[in-house]
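Undergrad: One structure, pasted below without further comment.
What follows is calculated from the coordinates using simple rules that are stated; it is not laboratory data. Note that this is a predicted model, so its numbers are computed, not measured. Backbone-built Cβ (ideal geometry, glycine too); neighbour counts: all protein chains shown.
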């Protein structure tokens, strides 16, 4: 049977690869890379660097264009747009496994961060497997997420003693606001920069972009209009310079209990 590894490669630093990830890289025959276009060539380049350093057995690299997603869809059309994009991505995965991976061989997808956190690869592989056109098994190798790296870079814990932590998206934060009963909220995928809606509400923000890469940017402090404007400006300049941005931040209600513990 064909085998697939879904390998979490961390948030941007090749040094963040785990020993389990290194072992999986060393057992892979075919690596599948999705090309997101010239603006995001860095994302492919990092994967290629990892393969140069750690893919120790003879292997092939198959690079294909990643289907475009409609990111301008209105709120009511967001779910259908994502469903359509995932279906088209599943078509690509199905073809790769059927045509590029020989029987009995091992293929791999290299996933930014951790495959379990805001990544579509696992769900798409499940869809491809459910179609029944190709028999294969798959193994998931966890990686260091941007959430874990954000906390490490800011030298803070994610949770308060005995208190919950919530991870959400910028879209949900903009639509629903801060959740009740949660003092610490990690926000990902925030193209809307929703943090700007919560200035003056006794919040502290730990913000990071391009975490784990040479372009890493960190900002932190009480979330007032001055800091919110600073983050917006830095974010816009960085995105204009590189053509893309991935940022993550922790919003923390101040006056709560100390961080850490269980």
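Undergrad: How big is the range 7-164 in terms of Cα radius of gyration and Dmax, in angstroms?
TA: According to the Cα coordinates of the range 7-164, Rg and Dmax are 16.9, 51 Å.
Undergrad: Restricting to the chain, what percent of DSSP beta bridges are antiparallel, rounded to 5?
TA: 45 percent
Undergrad: Further, regarding this structure: Using only the alpha-carbon atoms, how far is helix 41-54 inclined from the longest principal axis of the chain? Give it as 0 to 90 degrees, nearest 10.
TA: 60 degrees
Undergrad: Under the 0.36 nm per residue contour assumption, what length would be gained going from the current alpha-carbon distance of residue 224 and residue 49 to full extension?
TA: 59.0 nm is the gain from fully extending residue 224 to residue 49.
Undergrad: What's the FRET efficiency of residue 15 with residue 232 using the Cβ-Cβ distance as r and R₀ = 35 Å, to the nearest 0.05? Please report the intermediate quantities before stating the final value.
TA: Details: r = 31 Å, r/R0 = 0.88.
The calculated FRET efficiency here is 0.70.
Undergrad: How far, in nm, would the chain grow between residue 41 and residue 201 when pulled straight, counting 0.36 nm per residue and subtracting the alpha carbon separation?
TA: Once the chain is fully extended between residue 41 and residue 201, it gains 53.7 nm.
Undergrad: How long, wide and thick is the range 5-60, going by the Cα atoms along their three principal axes, in whole angstroms, largest first?
TA: 31, 23, 18
Undergrad: Nearest 5 is fine: what % of DSSP beta bridges in the range 2-141 come out antiparallel, could you say?
TA: About 5 percent, rounded to the nearest 5.
Undergrad: Working from the alpha-carbon coordinates of the range 85-134, get Rg over Rh, Rh being the Kirkwood radius.
TA: Working: Rg = 11.2 Å, Rh = 11.6 Å.
Result: Rg/Rh = 0.96.
Undergrad: Quick one: which of 136-144, 60-68 comes out on top by average Cβ neighbours within 10 Å, and what's the full order, highest first?
TA: 136-144, 60-68
Undergrad: Quickly estimate the mean residue ellipticity at 222 nm for the chain, helices only: each DSSP H run with n ≥ 4 gives -39500 (n - 2.57), and the total goes over all residues, rounded to 500.
TA: -10500 deg cm²/dmol
Undergrad: Classify the range 159-227 as rounded, prolate or oblate, taking a ≥ b ≥ c as the square roots of the eigenvalues of its Cα gyration tensor: rounded when a/c is under 1.5, otherwise prolate if a/b is larger than b/c and oblate if not.
TA: The shape class here is rounded.
Undergrad: Order the peptides 78-85, 200-207 from the highest to the lowest mean number of other Cβ atoms within 10 Å of their residues.
TA: 200-207, 78-85
Undergrad: Quote the convex hull volume per residue of the range 180-262, based on C-alpha atoms, as a whole number of Å³.
TA: Numbers: hull volume 9.1 nm³, N = 83.
With only Cα atoms used, the range 180-262 gives 110 Å³ per residue.
Undergrad: Just subtract the alpha-carbon distance of residue 1 and residue 165 from 0.36 nm times their residue separation and send over the number in nm, one decimal.
TA: Contour length minus Cα-Cα distance gives 55.0 nm.
Undergrad: Give the shape of the range 78-166 as rounded, prolate or oblate, defined through the alpha-carbon gyration tensor: a ≥ b ≥ c are the square roots of its eigenvalues, a/c under 1.5 means rounded, and otherwise the shape is prolate if a/b is larger than b/c and oblate if not.
TA: Working: a/c = 3.00, a/b = 1.96, b/c = 1.53.
Prolate.
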